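Q: What follows is a single structure, and I will ask about it in a moment.
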Amino acid sequence: MARDNSPKERQQKQLERKQVRRASYDRILIVSEGSKTEPNYFREIRAAFRLHTANVEVRPSELGTAPIQVVQYAQALFEDGDRHKNIQRRAFEKVYAVFDRDDHDSYHEALTLAASLDGKLRNDAKQPVAFQAIASVPSFEL
């Protein structure tokens, strides 16, 4: 009969796969109004903090630069994904729509739409998704 503390038992425990000790990172989608400045800033921040590119996706809005269009594009990109950009549908835990206050007519409408989507959408793991509008006042460059 083998003892509980035999060398063979100790070696078996050392060879077992260790449990994961830290939680996985949230997958984040950032959709911006601008096509150059904002994506470049976010890519630099991602590089400075050494965040893996699989966890943070930065895309400019393809529907237009009005705040409501940025929020709508973020919603569409989250829900439908984009095969050509290698973005899977519902593959994020957090979605951010970034736009300037400026003199846009749809500013308040965009804030309302983003607030209504927060926690209502579900990702591929059936978890609620944080959906937030980030408005820079007066502009992102400042």
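The rows are residues; the columns are (1) in contact (Cβ under 8 Å) with a residue 24 or more places away in the chain; (2) touching a strand residue (DSSP E or B) at 6+ places or on another chain (Cβ under 8 Å).
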site: ARG83; (1), (2): no, no
site: ILE87; (1), (2): yes, yes
site: VAL95; (1), (2): yes, yes
site: ASP103; (1), (2): no, no
site: GLU109; (1), (2): yes, no
site: THR112; (1), (2): no, no
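Q: Further question on the same structure: Of all residues in the range 106-137, which are more than 16 Å from the chain's Cα centre (by Cα) and either under 16 Å from SER61 (Cβ atoms) or among the hydroxyl-bearing types (Ser, Thr, Tyr) (or both)?
A: Matches in the range 106-137: SER106, TYR107, GLU109, ALA110, LEU111, THR112, LEU113, SER116, ALA135, SER136.
Q: If LEU111 satisfies all but one of (1) surrounded by 15 or more Cβ atoms within 10 Å (Cβ to Cβ); (2) at pLDDT 90 or above; (3) more than 17 Å from ALA130 (Cβ to Cβ), what's the number of the condition it fails?
A: (3)
Q: Let me ask something else. Of the residues PHE92, PHE42, only one is assigned to a helix (DSSP H, G or I) and of a type in the set (Phe, Trp, Tyr); which?
A: Every option except PHE42 fails the conditions.
Q: On the given criteria, is VAL20 over 14 Å from the mean Cα position of the chain (by Cα), surrounded by fewer than 12 Cβ atoms within 10 Å (Cβ to Cβ) and either part of a loop (DSSP other than H, G, I, E, B) or modelled with pLDDT of 90 or more (or both)?
A: yes
Q: Look through GLN75, GLN69 and report the one residue that is more than 17 Å from the chain's Cα centre (by Cα), under 22 Å from ASN40 (Cα atoms) and modelled with pLDDT of 95 or more.
A: Going through GLN75, GLN69 in turn, just one is more than 17 Å from the chain's Cα centre (by Cα), under 22 Å from ASN40 (Cα atoms) and modelled with pLDDT of 95 or more: GLN69.
Q: Looking at the range 111-136 only, could you name the residues that are assigned to a helix (DSSP H, G or I), within 12 Å of VAL70 (Cβ to Cβ) and in contact with a Phe, Trp or Tyr (Cβ under 7 Å, 6 or more places away or on another chain)?
A: Result: ALA114, single match.
Q: Pull up the range 77-102, narrow it to residues that are among the charged types (D, E, K, R) and closer than 16 Å to PRO128 by Cα, then point me to the one that is surrounded by the most Cβ atoms within 10 Å (Cβ to Cβ).
A: Going through the qualifying residues, I end up with GLU93.
The values are calculated or read from the model by the stated rules, or taken from the named source; none is laboratory data. Bear in mind the structure is a predicted one, so any value in this text is a computation, not a measurement. With ideal geometry, Cβ positions are generated from the backbone for all residues, glycine too; neighbour counts draw on all protein chains shown.
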